[in-house]
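Everything below concerns the one structure shown next.
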Amino acid sequence: MGYKDKIDLTRLPEHVAIIMDGNGRWAKGKGKLRVFGHHNGVLSVRDVVEGAGEIGVKYLTLYTFSSENWNRPSFEVTAIMELLISTINKEIKKLMENNVRLNAIGDLDMLPGKCNKELKGAIERTSGNTGLVLTLALSYSSRREMVQATRNIALKVKAGELDPADITEELFAQNLYTHNMPDPELLIRTSGEHRISNYLLWQIAYAELYFTNKLWPDFRRDDLFEAIYDYQHRERRFGMTSEQVN
Ligand code: FPP
């Protein structure tokens with residue numbers, strides 16, 4: 001029996017975030033170039049997106065390219081950007097069929113023009129879909145996102161539009177890229193690394209963290225279901241005592 005049948009569909013995390021890691025090591029283990037791992041990582045993306053939609057997860061946010069990833073060899077950066085373009089091109093039909101709404105967060109202006117154009121076109125085309133919201137974090141840095149939010153708020157204070165006394169957690173969150181989605185309740189990282197790597201630092205304040213040794217190209221929907229099953233067996237206390245939450 002797969003994990004799908006073990007999940008309580010009435011207690012799903014509304015938002016699952018994933019740090020897709022291990023493409024390079026997966027390829028190296030097979031004596032191939034790192035890019036081969038990224039290509040196979042796309043198959044995992046496809047399967048996990050379908051799986052998330054199938055059980056009714058509402059938001060799936062994938063760490064696809066960090067601001068730090070620009071420092072990789074230019075050959076690899078170019079290959080990932082091209083992969084992104086060709087994947088969006090190939091998958092748009094499937095996204096429409098599956099009622100998936102595509103979204104992106106990060107410093108998108110840093111992306112090559114063609115990539116940005118393709119991405120924005122797909123976001124526009126899927127904007128009327130009402131199923132899973134699939135967010136790609138691209139050229140994303142959580143610290144930068146928070147600095148940007150702080151700057152926006154400071155500008156409003158300077159212009160006399162905002163009283164510093166009215167700066168609340170809610171107002172801060174409204175100035176983040178993720179203002180239109182709930183915080184993730186579950187964060188998954190593959191490949192055995194136990195780090196957050198500058199991903200959604202504000203938003204994961206109360207998220208359950210799930211680490212698996214599987215490398216991203218080996219991760220499939222049943223692994224997602226296993227992570228959700230694990231999440232459903234944790235006690236989320238939000239600072240209270242066990243007696244209080246039960
Ligand atoms: C991490 O593995 C993966 C990336 C930085 C790129 C993720 C990109 C994809 C899965 C393909 C494109 C995705 C979409 C949505 C079209 P790594 O390279 O850091 O692996 P390593 O830690 O083993 O070196």
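The values are calculated or read from the model by the stated rules, or taken from the named source; none is laboratory data. In this text the structure is predicted, and so the values were computed from the model without any measurement. For neighbour counting, all protein chains shown are included, and Cβ atoms are generated from backbone atoms with ideal geometry for every residue, glycine included.
The sole residue among LEU162, LEU102 that is of a type outside the set (Lys, Arg), over 22 Å from LYS58 (Cα atoms), surrounded by 13 or more Cβ atoms within 10 Å (Cβ to Cβ) and modelled with pLDDT of 95 or more is LEU162. For SER127, the conditions (1) small (Gly, Ala, Ser); (2) surrounded by 13 or more Cβ atoms within 10 Å (Cβ to Cβ); (3) under 24 Å from GLU50 (Cα atoms) are fulfilled apart from (2). In the stretch 1-28, the residue that is surrounded by the fewest Cβ atoms within 10 Å (Cβ to Cβ) out of those that are assigned to a loop (DSSP other than H, G, I, E, B) and within 9 Å of the ligand (Cβ to nearest atom) is MET20. So, GLU193, is that one closer than 30 Å to TRP26 by Cβ and touching a Pro at 6+ places or on another chain (Cβ under 9 Å) or not? Here the answer is no, as GLU193 does not meet what is asked.
None of GLY53, GLY31 is more than 9 Å from the ligand (Cβ to nearest atom), surrounded by fewer than 21 Cβ atoms within 10 Å (Cβ to Cβ), assigned to a helix (DSSP H, G or I) and not polar (S, T, N, Q) except GLY53. Scanning the stretch 204-222 turns up one or more residues that are outside any helix (DSSP H, G or I), more than 14 Å from the ligand (Cβ to nearest atom), among the small types (Gly, Ala, Ser) and touching a residue at least 60 places away in the same chain (Cβ under 8 Å). Of the residues in the stretch 70-88, not one is more than 8 Å from the ligand (Cβ to nearest atom), of a type outside the set (Phe, Trp, Tyr), in contact with a helix residue (DSSP H, G or I) (Cβ under 8 Å, 6 or more places away or on another chain) and in contact (Cβ under 8 Å) with a residue 60 or more places away in the chain.
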